[in-house]
Amino acid sequence: MLAKLLKYEMKASARTLVPLYIGTLIVALVCSVQMALFIADNRSGFAMTIGVFQVNNTLTGILFLLFFGLCVAITVLTIMTVIQRFNHSLIGDEGYLMFTLPVTHTQLLSSKFIGALIWSVIGSFVMFLSLMIISASGVMIGADAINWGELWNQLRYIIRDAIHPMLVSGLYAFASLAAGILLVYLSIMIAQTEKLNNHRVAAAVILFFLLNWLFGAVESILFVSVGNIGVPDGFRISNDFMWAYNMVMGCRIAFEAVKCVICFMGTKWLMQKKLNL
Amino acid sequence: MTALVQFENVTKQYGDKKALDNVSFTLEPGKIYGLLGPNGSGKSTAIKIINDLLQPTSGTVLVNGLKPGVESKKIISYLPDRNYLNDWMKVEDAFKLFEDFYEDFDRSRAEEMLRSLNISSGARLKTLSKGTLEKVQLILIMARRAKLYVLDEPIAGVDPAARDYILQTILSNYGEESSILISTHLITDIEKVLDEVLFLQNGRIVLQGAVDDIRAEHGKSIDGLFREVFRC
């Protein structure tokens, strides 16, 4: 049943997000071609013709502005879609259908959550891919001037040194994203309860910031405690950066995971006991 | 035989207000029940509790012997008094959704009803009129081979000509073991199909019984009695 719920969840969001993602990739491609032409003109000396230089400059500027606008749109629209899908399909009229389907509340909530995570990851990937497409033009045009062997060597060193912190940071970003989504859900669910129902939107926004601040405060207190109690004396002397990095990030990821569990269980409990359609 | 629905001393309170006040009733299989009462009498609250959309403040609710939950949702076909379908869907998407989630959904029966009402399966829900949308929802609900059909104002949004067809659809699509609970204000139209009625007022049941008995006892139609009991 979870797979079926997820299928409908993805279909419903795809209508808004897929065209936006395709649009961003197309604009990135156009930017890339325009940039390649710009670089080629500069190298051939053709750009010295003032008119061509100005047109190229303006066009490239507009395209980049458009591209960054689309990146902002991806971020904002993905967040809005995540919120809207939860709000409309569970708390709005569609909730009368969703909550009378023969599925558990865990399955309902999981489908929304997994769907939101998938779209967030796809959105991030589309932005990354777009940047790669734009960068590709410069690399292709200047390919003959690049020492590929040297570049590969440099990349190998970067990957070797950075892969661990990159993976840990990526994991932390993912855990934060998951906790953020679930915190939004929890805020919306608290806001639809009987006492706050008349001011749902305002209450949800205030609750989100309040809960976020509360979790932040708890995290700070815990971190101070860990810093005072958990760090062995040897560390302060040895100054092992990676050890400290792993420990801090490990704690932060664990904290985000705990946040996820609290928000998920809280939202599920409210769905079961305090649903107020 | 296990009752399809059993309410025992059920109370639902919103702050100081009691939407349902110590309500008890039983719905048996094979009957059509009318849940009648003015606005704010507690009809929707009772229906939501049966469908696990609300939790009672106190009392016991059993559906087919079990607390409302996944199992009860498999046997209840519920039509709310609003559009609950996502408007990006086509009619056939809605059919597919019901087919995916309800094992008892009879696709051929749904398509037959759709043809009778001249509605295209390729029509987008957001292009349909309110009345047609209500018909589509009713088709989805009645095409299930459920044990209990809970219909909240099923004929309120459709024209009088379509009402007879809809009532006929309801009557011809429920089996002997099934029951129907209809909540409505349009009593004249549905009186002829009801076996039993429950009159709700201020969250309490003020009258309950077989339609024929009530008519004989009060010497009035159910509609006439409703107007008398709930006179403003």
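Would you mind computing, in nm to one decimal, how far apart the modelled labels at A:PHE68 and A:LEU117 are, each placed 7 Å from Cα along Cα→Cβ?
Computed distance between label sites A:PHE68 and A:LEU117 equals 3.3 nm.
Could you rank A:LYS259, B:LYS126, B:LYS90 by how accessible they are, 1.4 Å probe, largest area first? Don't jump to the answer; show the numbers that get you there.
Numbers: A:LYS259 20, B:LYS126 125, B:LYS90 60 Å².
In descending accessible area the options line up as B:LYS126, B:LYS90, A:LYS259.
I'd like the distance between the alpha-carbon centres of the stretch A:1-33 and the stretch B:70-95, rounded to an integer number of Å.
26
With +1 on each Lys and Arg Cβ and -1 on each Asp and Glu Cβ, how big is the dipole of the stretch B:183-232 about its Cα centre, in debye rounded to the nearest 20?
Dipole magnitude for the stretch B:183-232 comes out near 260 debye.
Please list, by residue number, every one of the GluC sites (Glu not before Pro) in the stretch B:73-148 that is coil in DSSP and has at most 12 other beta-carbon atoms within 10 Å. Write down the numbers at each step before the final one.
On the way: sites: B:GLU92, B:GLU99, B:GLU103, B:GLU111, B:GLU112, B:GLU134; in loops: B:GLU103.
Passing sites in the stretch B:73-148 are B:GLU103.
Report B:LYS220's accessible area, 1.4 Å probe, all protein chains in place, as a number in Å² to the nearest 10.
80
Testing the spin-label approximation: label points 7 Å from Cα along Cα→Cβ at B:LEU171 and A:ASN147. State their distance in nm.
Using points 7 Å along Cα→Cβ, the separation is 9.3 nm.
Which stretch or stretches of the stretch B:21-58 have amide N atoms under 12 Å from the point lying 7 Å from B:ARG204's Cα along the Cα→Cβ direction?
Of the residues in the stretch B:21-58, B:21-23 have backbone N under 12 Å from the label point off B:ARG204.
Can you tell me the FRET efficiency between B:ALA161 and B:ASN9 if r is taken as the Cβ-Cβ distance and R0 is 30 Å, rounded to the nearest 0.05? Working shown, then result.
Numbers: r = 43 Å, r/R0 = 1.44.
Given R0 = 30 Å and the Cβ-Cβ separation, E is 0.10.
DSSP loop GluC sites (Glu not before Pro) in the stretch B:146-200 with at most 10 other Cβ atoms within 10 Å of their Cβ, which ones?
B:GLU176
Tell me, in nm to one decimal, what length is gained between A:THR16 and A:TYR245 on full extension, where the rule is 0.36 nm per residue of separation less the Cα-Cα distance? Please list the in-between numbers first.
On the way: separation 229, 0.36 × 229 = 82.44 nm, distance 3.91 nm.
My answer for the length gained is 78.5 nm.
For the pairs A:LYS259/B:LYS74; B:LYS147/B:LYS220; B:LYS43/B:LYS147; A:LYS274/B:LYS67, flag any whose C-alpha to C-alpha distance is greater than 22 Å.
From the list (A:LYS259/B:LYS74; B:LYS147/B:LYS220; B:LYS43/B:LYS147; A:LYS274/B:LYS67), the Cα-Cα distance tops 22 Å for A:LYS259/B:LYS74; B:LYS147/B:LYS220.
Using 7 Å Cα-to-Cβ label points, what is the B:VAL70/A:VAL224 separation (nm, one decimal)?
The two pseudo-label positions are separated by 4.5 nm.
What average count of beta carbons from other chains do you get within 10 Å of the Cβ of residues in A:18-25?
Per residue, the number of nearby Cβ atoms from other chains is 0 on average.
Only four residue types carry charge here, +1 at the Cβ of Lys and Arg and -1 at the Cβ of Asp and Glu. Report the dipole size of the stretch B:37-157 about the Cα centre in Debye, rounded to the nearest 20. Let's see the in-between values first.
On the way: 18 positive and 16 negative charges, 27 e Å.
It works out to roughly 120 debye.
The values are calculated or read from the model by the stated rules, or taken from the named source; none is laboratory data. Bear in mind the structure is a predicted one, so any value in this text is a computation, not a measurement. So basically every Cβ, Gly included, is an ideal-geometry build from the backbone, and we count neighbours across all protein chains shown. Surface accessibility is based on the protein's heavy atoms, side chains included, excluding ligands, DNA and RNA. Shrake-Rupley method; radii C 1.70, N 1.55, O 1.52, S 1.80 Å.
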